[in-house]
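The values are calculated or read from the model by the stated rules, or taken from the named source; none is laboratory data. Values in this document were obtained by computation on a predicted structure and should not be read as measured data. Neighbour counts run over all protein chains shown; Cβ positions are idealised from the backbone, glycine included.
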Amino acid sequence: MGFLSTILGTIGFGIGITIGLLVGYFLFIYSEPRDVTDPIIRSLYALDSSALYDLLPEIPLWVKNPDYDRVDWLNKFIFDMWPYLDKALCGTIRSIAQPIFAEYIGKFQIRSIEFETLSLGTLPPSIHGIKVYETNEKELVFEPLVKWAGNPNIVLVLKLFSLRITVQPHVDFGMKILGGDIMAIPGLYRFVQETIKKQVASLYLWPQTLEIPILDGSVGAMKKPVGILHVKVIRALKLLKMDFLGASDPYVKLSLSGERLSAKKTTVKMKTLNPEWNEEFKLIVMDPQLQVLQLHVYDWEKVGAPDKLGMQVVPLRLLTPHETQEFTLDLLKNTNPNDPQNKKHRGKIEVELTFDPFRDDNDGLCGPLDGYGRKESGVDRDAEDFSSGAGLLLVTVQGAEDVEGKRHSNPYALIIFRGERKKTKLIRKTRDPCWNEEFQFMLEGPPLNEKIRIEVMSKWKGLGFRSKESLGHVDINLLDVVHNGRINDKYHLINSKQGVLHVEIGWKTI
């Protein structure tokens, strides 16, 4: 019986192999599939982030940015400082998570949530490369490639009803209740792992943007114009007698504190102690809470320096926007309240002040931002907004690139608008000057059909003569500035081979 079983088994084994080989040959080699379809091929940019995560578990460097710099010195610094950074980061995480945990205590029968253990481990992150570049918006952009294969240990304890639940979201993930591991349920562990992987990857795997302002907006150097102060110098009364004949030749100089621009002044009224001017001036306001209007009354002298008759200041914080206020001020010698000479009668001065803040850049605009960072409105702004209203034209000449003269390259920029000429400082022996200077033009109405010319010049001072040379110019249409409120762009210089000028122009209305 045993011999017969062996023979039958051998015969069956041989028949089975033969049949299997024949079936496999006809199915996989001899026969061809009838319904063959071409594969669907799509470019990488046509895929969404979830599809890319599945295709590229670890994103290669060429997908992000291939031109990066090594930062071994920074990795050495992070390695040495990591024990201290670990404590600081964990403390920050606890302080941020504490109010979030507090919101859930008392809800869903949760009694407490707290970190039992919180440590980022002993292995610091590693920066494999970094790219740095500048933008037109005065930004310095860093794009680091950070990889971190750490050994963190995070234990979160959740007290629910009378149960204690411990969550350990580190390299592995587990959830134990009363000694039993819920992750032992078939299929649940893989699902949780994939979910955590995608959520964490979305936070740090693809390039993210973190904006860090270097200077606070309250810094004086960063302040921008916020409005226009209208000053009407009406008259002065009972001024001091400075001439031999018992009269004076008074005039007023007015300026705002913190301004680098020269002071404005009235006309001179000859031989009078009660002059009437009724002259109006406009001053640009940077900070209405801190700035003051300075009024100085002088006696004009044909020869020599003028004599000071008195002065007074008006804090702009006393003004109500768009409301005209009249002030009658006693003239003083100086602003020191303890100076006994301030008790001497020096006369009075009458002025009218009106502070008109600029309209917000977003006024009259609604809708999303377009691709150039400008707001689009559902309808165009009314032509009435363009044809009326005084304002301030701000021209910031950032710098130039590849400007070169035939004989010398000592460039400076010359701004020409409505016959007024202003220029930047001269920078010697450079083809890439950086000026970063702002110029202001106060206008009674918007410059709709006008152009501003900016010309890059080079000047050389020789022995007994001077030589100037034009390195190129550009004419900028101001209609786009009025419509958009601001432009920031680089322009190719006319009559220059490769010269480029970087200019920012803004229009603010009251």
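Of these, 289, 294, which one is among the polar types (S, T, N, Q) and surrounded by 15 or more Cβ atoms within 10 Å (Cβ to Cβ)?
Result of the check over 289, 294: 294.
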* Asked: exposed (fewer than 10 other Cβ atoms within 10 Å of the Cβ), in contact with a Gly (Cβ under 9 Å, 6 or more places away or on another chain) and modelled with pLDDT of 75 or more - does that describe any residue in segment 92-107?
  -> no
* Wholly within segment 229-341, which strands (runs of 3 or more DSSP E) include no fewer than the required count, namely at least 2 residues that are in contact with a Leu (Cβ under 6 Å, 6 or more places away or on another chain) and aliphatic (A, V, I, L, M)? -> 250-256, 276-285, 292-299, 307-315
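If we only count strands (runs of 3 or more DSSP E) wholly inside segment 430-500, which ones have 3 or more residues that are buried (at least 20 other Cβ atoms within 10 Å of the Cβ)?
Working: elements: 434-443, 451-461, 466-477, 486-492.
Passing ranges, in order: 451-461, 466-477.
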* Asked: Which members of segment 347-364 meet the condition of being in a loop (DSSP other than H, G, I, E, B) and farther than 17 Å from residue 234 by Cα?
  -> 358, 359, 360, 361, 362, 363, 364
* Is there a residue in segment 416-428 that is touching a residue at least 40 places away in the same chain (Cβ under 8 Å), in a strand (DSSP E or B) and under 28 Å from the mean Cα position of the chain (by Cα)? -> no
* In segment 305-354, how many are under 24 Å from residue 276 (Cβ atoms) and under 31 Å from the mean Cα position of the chain (by Cα)? -> 1
* Yes/no for residue 503 being within 29 Å of residue 354 (Cβ to Cβ) and under 26 Å from the mean Cα position of the chain (by Cα) -> no
* Does residue 426 satisfy the criteria of being surrounded by 13 or more Cβ atoms within 10 Å (Cβ to Cβ), at pLDDT 90 or above and not β-branched (Val, Ile, Thr)? -> yes
